[in-house]
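**Student:** Here you go, one structure.
The values are calculated or read from the model by the stated rules, or taken from the named source; none is laboratory data. Given the structure is predicted, the values throughout are model-derived calculations rather than measurements. A quick note on method: Cβ atoms are made from the backbone with ideal geometry, for glycine too, and the neighbour counts reach across all protein chains shown. To get the accessible areas, we keep the full protein, side chains included, count just its heavy atoms, and leave off ligands, DNA and RNA. Shrake-Rupley method; radii C 1.70, N 1.55, O 1.52, S 1.80 Å.
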Amino acid sequence: MRPPPPPPSPAPLIALLGLALLAGAAYAVKRARAPGFRRELAKSLPAYKYVVHSVLTVFVLVVLPLVAGAATSFFAGARDAPRFVGLSNYVDILTVRGKPLVDWLSAGSFYLTLLVTVVWTLVNVVLHVGIGLVLGILLARPFLKLRAIYRVLLILPWAVPSYVTALAWKGMFHRQFGAVNAMLGALGVAPVSWFSKFSTAFTANVATNVWLGFPFMMVVVMGALTSIPKDVLEAAEVDGATRFQAFKLVTLPLLKPTLLPAVVLGSVWTFNMFNVVFLVSGGEPDGTTDILVSEAYRWAFARNAQLGYAAAYAVIIFGLLALMSRALGRIGRSPGEESSV
């Protein structure tokens, strides 16, 4: 029997980190030797005193855990006996552990989970924005009676903790005792086993997350509408614009600068919405409704505690979210802003 290959040496990774540190140090020295740097630094010291505690807090609570997680992704094995494997975890994830190309969309593979995650994010964000936009515009109308009561009632889903809502909706989708099947039965529809098929389980997850997510978009839209000058809308009305034309050509462009950051933030939240997927469908049937973050959880805590493999998943998720945020930011820029960058 051929002996197993020796584990990769950490020397290349250490050399790469050393080169990065040297490059950073060289840049810092070059910046410090620039004319006027010391004078500008002395003027800025009072401002640095105000933010140093925040910088330290973010470094300890955010940067260090990110670095530790990224470092963990280069190891494999049990927690008490890790071994360095270099980029093997990333290679295994991206090549579906060496399976042929035809199996890359098989059940439980990274690419199928990524596809489900992308569809999950798109469907939810579209529904969040659409419902939030309609309700926000309706509740912003001054002639609507009982506006304050409607606002409080519609914000309640956002105020309740997500895990409480997820467990409540899971009970509502119960085949025998759930409220959803009870309402369907009153309409003469046979009970549905919601978590036995991908389509129904995915629908249950989406319904729960839409209930949780639309109030945020609604609040953003209501706040943005208050900043739109009434003179602009009145001018559009005087020019003969219909309500739809005024909304499309005046209101919507003025909402865009406020709505776009909310869409980016909502996309990140939805992409990583662990509570709903894990508590409502639990990945059923057969893990097909799992998203990337719930799949990473299972590798870390349910599949022999492969923490390095799960950490590699987390780093890939971070990279995907960074690319998605960058792409959404570019889409939201006006042509003039694009040309000036």
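**Student:** With a 1.4 Å probe and every protein chain left in place, tell me how much accessible area S162 has, in Å² to the nearest 10.
**Tutor:** My reading of the accessible area for S162 is about 30 Å².
**Student:** Taking θ = phi - 60°, what integer Hz values does the Karplus form 6.51 cos²θ - 1.76 cosθ + 1.60 yield along the range 78-93, in sequence order, with x for Gly and Pro?
**Tutor:** Result, rounded to whole Hz: 5, 5, 7, 9, x, 9, 6, 10, x, 8, 4, 4, 5, 5, 4, 5.
**Student:** For R326, what accessible surface area do you get with a 1.4 Å probe? Give it in Å², rounded to 10.
**Tutor:** My reading of the accessible area for R326 is about 120 Å².
**Student:** Between rounded, prolate and oblate, where does the range 50-125 land on the alpha carbon gyration tensor, with a ≥ b ≥ c its root eigenvalues, rounded for a/c under 1.5, else prolate if a/b exceeds b/c?
**Tutor:** Taking the square roots of the gyration eigenvalues as a ≥ b ≥ c, the range 50-125 is oblate.
**Student:** Pull out the extension gain between R141 and V160, defined as 0.36 nm times the separation in residues minus the alpha carbon to alpha carbon distance; nm, one decimal.
**Tutor:** Gain on stretching R141 to V160: 4.2 nm.
**Student:** If you don't mind, another one. First compute the accessible area of the range 167-291 with a 1.4 Å probe, then give the percent of it belonging to carbon and sulfur atoms.
**Tutor:** That fraction is 67 percent.
**Student:** Give the shape of the range 188-341 as rounded, prolate or oblate, defined through the alpha-carbon gyration tensor: a ≥ b ≥ c are the square roots of its eigenvalues, a/c under 1.5 means rounded, and otherwise the shape is prolate if a/b is larger than b/c and oblate if not.
**Tutor:** oblate
**Student:** Over the chain, what lengths in whole Å, largest first, do the semi-axes of the equivalent ellipsoid take, defined as the square roots of 5 times the eigenvalues of the alpha-carbon gyration tensor?
**Tutor:** That gives 41, 36, 18 Å for the three semi-axes.
**Student:** Can I ask one more? Is the C-alpha gyration tensor of the range 142-232 telling us rounded, prolate or oblate? Criteria: a/c under 1.5 is rounded; beyond that, a/b larger than b/c is prolate, otherwise oblate.
**Tutor:** prolate
**Student:** To the nearest 0.05, how large is the calculated FRET efficiency for Y50 and A190 if R₀ is 45 Å and r is the Cβ-Cβ distance?
**Tutor:** Working from the Cβ atoms, E equals 0.10.
**Student:** When the chain is fully extended, how far beyond the present Cα-Cα distance does T95 get from Y150, taking 0.36 nm per residue of separation?
**Tutor:** Working it through step by step, the gained length comes to 14.7 nm.
**Student:** Right, something else. Based on alpha-carbon centroids, what's the gap between the range 107-148 and the range 299-315 in Å, whole number please?
**Tutor:** The range 107-148 and the range 299-315 have Cα centres separated by 30 Å.
**Student:** Of the residues T72, T57, T270, which exhibits the maximal mean-square fluctuation in a Gaussian network model of the chain defined by a 10 Å Cα contact cut-off?
**Tutor:** Maximum among the listed residues: T57.
**Student:** Using θ = phi - 60° and the Karplus relation 6.51 cos²θ - 1.76 cosθ + 1.60, list the HN-Hα couplings for the range 192-209 in order, rounded to whole Hz, with x at every Gly or Pro.
**Tutor:** 10, 7, 5, 9, 9, 10, 4, 4, 6, 5, 5, 4, 4, 4, 5, 4, 5, 6
**Student:** Another question, then. Could you run the Karplus curve 6.51 cos²θ - 1.76 cosθ + 1.60 with θ = phi - 60° over the range 280-291 and give me ³J(HN,Hα) per residue in whole Hz, x for Gly and Pro?
**Tutor:** Working through the residues one at a time gives 8, 8, x, x, 5, x, 6, x, 6, 9, 5, 10 Hz.
**Student:** Could you order the peptides 120-126, 315-321, 180-186, 203-209 from most to least packed, using the average number of other C-beta atoms within 10 Å per residue?
**Tutor:** Top to bottom by mean Cβ count within 10 Å: 203-209, 120-126, 315-321, 180-186.
**Student:** On to the next question. In straight Cα distance, which lysines are under 23 Å from K30, not counting same-chain residues fewer than 8 positions off?
**Tutor:** K43
**Student:** Which of the lysines could a cross-linker span from K248 if the Cα-Cα distance has to be under 30 Å and same-chain partners fewer than 8 positions apart are dropped?
**Tutor:** K145, K230, K256
**Student:** Now, a different point. Specify, per residue and in Å³, the volume enclosed by the convex hull of the alpha carbon atoms belonging to the range 28-71.
**Tutor:** Taking only Cα atoms, the range 28-71 has a hull volume of 70 Å³ per residue.
**Student:** For L122 paired with Q245, estimate the spin-label separation in nm (one decimal), with each label point 7 Å from Cα along the Cα-to-Cβ line.
**Tutor:** Between L122 and Q245, the label points sit 3.4 nm apart.
**Student:** Please compute the per residue accessible area over the chain with all protein chains in place, 1.4 Å probe, rounded to a whole number of Å².
**Tutor:** Ligands and nucleic acids excluded, the result is 63 Å² per residue.
**Student:** Set the Förster distance to 30 Å, then compute FRET efficiency between K30 and R326 from the Cβ-Cβ distance, nearest 0.05.
**Tutor:** It comes out at approximately 0.65.
**Student:** Given the DSSP H assignment, sum -39500 (n - 2.57) over each helix run of at least 4 residues in the chain and divide by its residue total; what's the result at 222 nm in deg cm²/dmol, nearest 500?
**Tutor:** -21500 deg cm²/dmol
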